[in-house]
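What follows is a single structure, written as structure tokens, with notes after it.
The values are calculated or read from the model by the stated rules, or taken from the named source; none is laboratory data. From a predicted model like this one, the values you see are computed outputs, not experimental measurements. Cβ coordinates were reconstructed from backbone atoms using ideal geometry, including for glycine residues, and neighbour counts include every protein chain displayed. Heads up: the accessible areas ignore ligands, DNA and RNA and are worked out on the full protein's heavy atoms, side chains in. Shrake-Rupley method; radii C 1.70, N 1.55, O 1.52, S 1.80 Å.
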Amino acid sequence: MNGPLDQRRRRASVIASVAQVIVSGLVYFVMFRYLYGRLGVEKIGIWSLVLPATSVSRIGEFGLPAGVVRFVAQALGRNDRERAAAVVDTVVLTLAALMGGLLLTLYQPSLALIGYVVPAGDVPLAREILPYAVASLWINVAASVYSGGLDGCMRIDLRCLATAASHLVLLTLVLILTPGMGLHGVALAQVLQALGLLLATWWLLRVQLPTLRGTPRWNSRLLREMIGYGLSFQ
């Protein structure tokens, strides 16, 4: 990468990072003010309690999404785009399987845990939205891999813009879905936001890394290399 281009990308990354923070802050400020008036603080609290019931499963990532940044950057530094794409594909497939299995294993315990942390009258509602939380988390794990790939390609600006756009999509969906669906609409909006972010980051990364094919490929040797780094990172 030449000097002027490198400088422009660094400048763009800084600007995009600041823009993401501003947009995200404004979106959540507006959204929570709206939800407070529409649903009340009790319903917001239910969603806030349901999310941690599943988020503990992220320990099963083994730090692999963070390793994507390092290994993709290393591969591109050697001008090995095939290896860079293989890193992304391997981690996506590995985490999809690991996190999918872990989330399914923890689903029943999470249902039971809800009964202890949510007021008795709200337990049925909390259990109804738990599948949305599980789906959102699983999709976001995959999206984090593609986001890490963009960082490894030195396109932090694109990752920040995709994230900011996904927050605007979330706000729009919440405003559309909440009046008719209540808290279920908020939960569905987060699933759709995660799906949109996944598709956006995958497409942006494929533009930067054409060797990233539509069908992911798994490389056991690469995975062994990355697990050692990922565990130490985590």
Quiz item: Relative to the longest principal axis of the chain, what angle (0 to 90°, nearest 10) does the C-alpha long axis of helix 81-117 take?
Solution: 20 degrees
Self-check item: Accessible carbon and sulfur surface of the chain relative to its total accessible area, %, 1.4 Å
Solution: 67 percent
Self-check item: Extension gain, ARG8 back to TRP218 (0.36 nm per residue minus Cα-Cα distance, nm)
Solution: 72.2 nm
Quiz item: Restricting attention to the stretch 139-216, which trypsin sites (Lys or Arg not before Pro) occupy a DSSP loop and are surrounded by at most 13 other Cβ atoms within 10 Å?
Solution: ARG213
Exercise. Could you tell me how many degrees, from 0 to 90 and to the nearest 10, lie between the Cα long axis of helix 183-208 and the main elongation axis, the longest principal axis, of the Cα atoms of the chain?
Key: 10 degrees
Quiz item: Considering only protein heavy atoms, what per residue accessible area in square angstrom results for the chain with a 1.4 angstrom probe?
Solution: 49 Å²
Quiz item: Between ILE176 and LEU104, 0.36 nm times their residue separation minus their Cα-Cα distance comes to what?
Solution: 22.9 nm
Quiz item: Under a point-charge model restricted to the Cβ atoms of Lys and Arg (+1) and Asp and Glu (-1), what is the dipole moment magnitude of the chain relative to its Cα centre, in debye to the nearest 20?
Solution: 640 debye
Quiz item: Just from its helices, what would the mean residue ellipticity at 222 nm be for the chain, if runs of 4 or more DSSP H residues each count -39500 (n - 2.57) and the sum is divided by every residue, rounded to the nearest 500 deg cm²/dmol?
Solution: -30000 deg cm²/dmol
